[in-house]
């Protein structure tokens, strides 16, 4: 669950990807609560499932794996803090729909820290007013578009998502030294196996749309060493 060695309550360093999922979490709480209050349970569940599979599983968890495993102690704790908060919140939102499953997960993973006798006795999540505005929101959405564009390139070329990228170049509406963009890039490069940024090279794949262009030189797929034969 990527929460090994994390002590709830500790805080660390967050980047734009962490801030983005927290903003999406607040939107989820607000939207789900409104649907539940109107007895529109199908829409509430659909909203939850979209967030869980697309925002959390496909994007956030995949993006922070590298930071948790290879980042600094402060970076690891920052993402684990956010991941714990997202897990605890979404688990309570799912509880009315999956009462037994959520109770089991709560008992095994969170009860020791949260102290409620049952997840169904825990308070309903509240919107904490966390949101990204202005440039921060634009930058976070740009980073997600960058991830989608690289994934699209690998899919079009019938390459696995783990296939290495030897050389990589991208352009954005912000200066290359922008601190928020640069801080988030290592998590993206780790996920998508980008080995090196470069200015000039002959690309194998290019992508361009408004506000984003990229060029990729595919790397060589690493061959697994053949098993050595044991002596008779």
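Right, residue 49: surrounded by fewer than 18 Cβ atoms within 10 Å (Cβ to Cβ), out of contact with any helix residue (DSSP H, G or I) (no Cβ under 7 Å at 6 or more places or on another chain) and assigned to a loop (DSSP other than H, G, I, E, B) or not?
no
Conditions first: (1) at pLDDT 85 or above; (2) outside the structural domain of residue 160 (by TED's automatic domain parsing). Residue 196 passes all but one, so which condition is the exception?
Residue 196 satisfies all of (1) at pLDDT 85 or above; (2) outside the structural domain of residue 160 (by TED's automatic domain parsing) except (2).
Name every residue in the range 92-129 that is modelled with pLDDT under 95, exposed (fewer than 14 other Cβ atoms within 10 Å of the Cβ) and closer than 20 Å to residue 34 by Cβ, in order of residue number.
126, 128, 129 - these are the residues of the range 92-129 that are modelled with pLDDT under 95, exposed (fewer than 14 other Cβ atoms within 10 Å of the Cβ) and closer than 20 Å to residue 34 by Cβ.
Within the range 121-143, can one find any residue that is assigned to a helix (DSSP H, G or I) and more than 25 Å from residue 20 (Cβ to Cβ)?
yes
Would you be able to tell me the number of residues in the range 167-188 that are within 16 Å of the chain's Cα centre (by Cα) and free of Cβ contacts under 8 Å to residues at least 60 places away in the same chain?
So the answer is 1.
Among the residues of the range 31-44, what is the count of those that are surrounded by 16 or more Cβ atoms within 10 Å (Cβ to Cβ) and more than 16 Å from residue 87 (Cα to Cα)?
Of the residues in that region, 5 qualify.
At positive phi, at pLDDT 95 or above and outside the structural domain of residue 181 (by TED's automatic domain parsing): does that describe residue 39?
Taking the combined requirement at face value, the residue satisfies it.
Could you tell me whether residue 151 is out of contact with any helix residue (DSSP H, G or I) (no Cβ under 9 Å at 6 or more places or on another chain) and within 25 Å of residue 211 (Cβ to Cβ)? If you could, list the steps in order and put the result at the bottom.
On the way: out of contact with any helix residue (DSSP H, G or I) (no Cβ under 9 Å at 6 or more places or on another chain): no; within 25 Å of residue 211 (Cβ to Cβ): yes.
When the stated conditions are applied, residue 151 does not pass them.
Can you spot a residue in the range 71-79 that is in a helix (DSSP H, G or I) and surrounded by fewer than 14 Cβ atoms within 10 Å (Cβ to Cβ)?
yes
Against the definition (within 30 Å of residue 71 (Cβ to Cβ), in a helix (DSSP H, G or I) and touching a residue at least 40 places away in the same chain (Cβ under 8 Å)), how does residue 25 come out, yes or no? I'd like the intermediate steps shown before the answer.
Working: within 30 Å of residue 71 (Cβ to Cβ): yes; in a helix (DSSP H, G or I): yes; touching a residue at least 40 places away in the same chain (Cβ under 8 Å): yes.
It is true that residue 25 is within 30 Å of residue 71 (Cβ to Cβ), in a helix (DSSP H, G or I) and touching a residue at least 40 places away in the same chain (Cβ under 8 Å).
Filter the range 126-166 for residues that are free of Cβ contacts under 8 Å to residues at least 60 places away in the same chain, within 16 Å of the chain's Cα centre (by Cα) and more than 30 Å from residue 30 (Cα to Cα) and give the result.
151, 161
Does residue 88 count as in the same structural domain as residue 60 (by TED's automatic domain parsing) and free of Cβ contacts under 8 Å to residues at least 60 places away in the same chain?
Numbers: in the same structural domain as residue 60 (by TED's automatic domain parsing): yes; free of Cβ contacts under 8 Å to residues at least 60 places away in the same chain: yes.
Yes: the conditions hold for residue 88.
The values are calculated or read from the model by the stated rules, or taken from the named source; none is laboratory data. Predicted model only: the values in this text are computed from it and were never measured. Counting neighbours? That spans all protein chains shown, and the Cβs are built from the backbone with ideal geometry, glycine included.
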